[in-house]
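Remarks on the structure that follows.
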Amino acid sequence: APKFGRFLRCIVHTAKVVNTSADLQSIEEKRQRPLAIMGRYYDYDPKGMDYCGKRIVVKEICNKLSEDGTGLNVWDGSVLLAKYIESYPDKVRGKRVLELGAGPGFVGIAAGVVGAAEVVLTDLEYTIPLMKDNVERNVRAVQSSGCHRMECRVLDWYKPPSDLAEFGFLARRISCCDGTSLIASQPDVILVADCVWLEELVSPLLHAICIISRQCETAPLVIISYQQRGRSTHDALMSGLRADFEIVQEVDDACFQKPDVMFIFECRIKGQVNK
């Protein structure tokens, strides 16, 4: 089945996964000037898109930046992250997924269609009505994929939750890398799609991820899509990733095309047990 329609332009990459725990500095050095993509790189159709063998419909609303911010649009980084989990469904299939900065809910809905067991989408309060509408539009596609729960909740990165019970994830036995097991009610995966377009957003976002991750019995996999739009924001993000995460991978794969100013990172917080 076709996936997402045609591209506006095409850049071909060879398949590779770069371990960047030691190489984040070299990534930074390659980005010596502010870069941005004008307009959309990926096709997006609010009337519906083919995804993972199903049809999903995710609407957006034109943002009034002075009033609403940027949380009512489907950005390229969301399409990129959805394409990534479509290409690698085991990242979310059967797992408990938390999305931060979900906006209209494109990525969280995509995770449900791929087969996540539970999805909790979060963002600021003004985004919730549109997010809920989009979830309702895709209930059939989500449920038929095995996702038994999808909820929308308010989460302000400046006020991260102090109790994971707020998310309502089902308790599940988890096997740890040391051979032991435990029962935990936590997200297995945290998704973040194109949420750091301003430098001042980087610190609260990473802080929220850290607060949530450190409450987990085992370190959730954090998958971040990101588009570089300015040097200072890029520097802040790279510095924050280096400081807070011990496992960081930049993913670059031939399964999907992306410009050089767009990134996908897979991360795990420092000091946590990994599954």
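Name the pairs whose Cβ atoms lie under 6 Å apart, with the first residue in the stretch 216-229 and farther than 12 Å from residue 189 by Cβ, the second open to solvent by 10 Å² or more (accessible area, probe 1.4 Å) and in a strand (DSSP E or B), and 6 or more positions between them or separate chains? Every condition considered, the pairs that remain are 217/182.
Candidates in the stretch 192-214 are the residues that are buried (at least 17 other Cβ atoms within 10 Å of the Cβ) and not hydrophobic (A, V, I, L, M, F, W, C); of these, the one that is nearest to residue 41 (Cα to Cα) is 194. Considering only the stretch 178-185, I want to know if a residue exists there that is loosely packed, with under 15 Cβ neighbours inside 10 Å and modelled with pLDDT of 90 or more. Looking for residues that are loosely packed, with under 15 Cβ neighbours inside 10 Å and modelled with pLDDT of 90 or more, one finds none in the stretch 178-185, hence no. For the stretch 102-111, the criterion of being out of contact with any helix residue (DSSP H, G or I) (no Cβ under 9 Å at 6 or more places or on another chain) and not basic (Lys, Arg) is met by no residue. In the stretch 185-224, which residues are farther than 20 Å from residue 162 by Cα and of a type in the set (D, E, K, R)? Residues satisfying the conditions are 194, 199, 200. Does any residue in the stretch 154-170 that is touching a residue at least 24 places away in the same chain (Cβ under 8 Å) come within less than 6 Å, Cβ to Cβ, of a residue that is open to solvent by less than 10 Å² (accessible area, probe 1.4 Å) and basic (Lys, Arg) six or more places away or on a different chain, and which pairs are these? As it stands, the answer is 169/96, since those pairs meet every condition given.
Within the stretch 93-131, restricting attention to residues that are among the charged types (D, E, K, R) and closer than 20 Å to residue 194 by Cα, the residue that is farthest from the chain's Cα centre (by Cα) is 125. Residue count for the stretch 137-164 under the criterion of being aliphatic (A, V, I, L, M) and touching a Gly at 6+ places or on another chain (Cβ under 6 Å): the result is 2.
Comparison of 90, 50 shows that the only residue that is farther than 22 Å from residue 125 by Cα, at pLDDT 95 or above, open to solvent by 60 Å² or more (accessible area, probe 1.4 Å) and not basic (Lys, Arg) is 90. Taking the criterion of being polar (S, T, N, Q) and in a helix (DSSP H, G or I), the residues of the stretch 120-159 that qualify are 127, 134, 143. Checking each residue in the stretch 132-156 for being touching a Ser or Thr at 6+ places or on another chain (Cβ under 9 Å) and crowded, with 20+ Cβ neighbours inside 10 Å picks out 152, 155. Residues that are under 18 Å from residue 189 (Cβ atoms), in a loop (DSSP other than H, G, I, E, B) and modelled with pLDDT of 95 or more are absent from the stretch 161-173 altogether. Could you tell me whether residue 98 is closer than 28 Å to residue 201 by Cα and open to solvent by less than 30 Å² (accessible area, probe 1.4 Å)? Yes.
Of all residues in the stretch 69-119, exactly one satisfies the criterion of being within 16 Å of residue 167 (Cα to Cα), basic (Lys, Arg) and part of a loop (DSSP other than H, G, I, E, B), namely 95. When 266, 250, 217 are checked against the criterion of being at pLDDT below 90 and under 16 Å from the mean Cα position of the chain (by Cα), a single residue qualifies: 250.
The values are calculated or read from the model by the stated rules, or taken from the named source; none is laboratory data. All values derive from a computational prediction rather than experimental measurement. Heads up, the Cβs are rebuilt from the backbone with ideal geometry, glycines too, and the neighbour counts pull from every protein chain shown. Accessible surface is based on the protein model in full, side chains and every heavy atom, while ligands, DNA and RNA are left aside. Shrake-Rupley method; radii C 1.70, N 1.55, O 1.52, S 1.80 Å.
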